[in-house]
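The structure under discussion appears below in the form of structure tokens.
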Amino acid sequence: MAGRMFASWWAKVSPYYTKAYQEMWVGLGIMTYLYYKVSFGGKKAVKDKPAH
């Protein structure tokens, strides 16, 4: 039931969120990538981890 309600809700709002907020999604992706790079340092942090 909840899945059906979500599907009907998403059918109404998906064009709005995907078109009107397209710039926001791009910015969110860039910010997430930068946060990952700053927090984890890319491959360097993974490489320096001790092996279990």
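Positive contributions from Lys and Arg (+1) and negative ones from Asp and Glu (-1), summed over other residues with Cβ under 15 Å from the Cβ of residue 31, come out at 0. Each label point was placed 7 Å from the Cα along the Cα-to-Cβ direction; for residue 5 and residue 39 their separation is 3.1 nm. Packing around the peptides 30-36, 1-7, taken as the average count of other Cβ atoms within 10 Å per residue, puts them in this order, highest first: 30-36, 1-7.
Throughout, read-outs are computed from the coordinates displayed, never taken from laboratory work. This structure is a prediction, so every number in the text was calculated from the model and none was measured. Neighbour counts run over all protein chains shown; Cβ positions are idealised from the backbone, glycine included.
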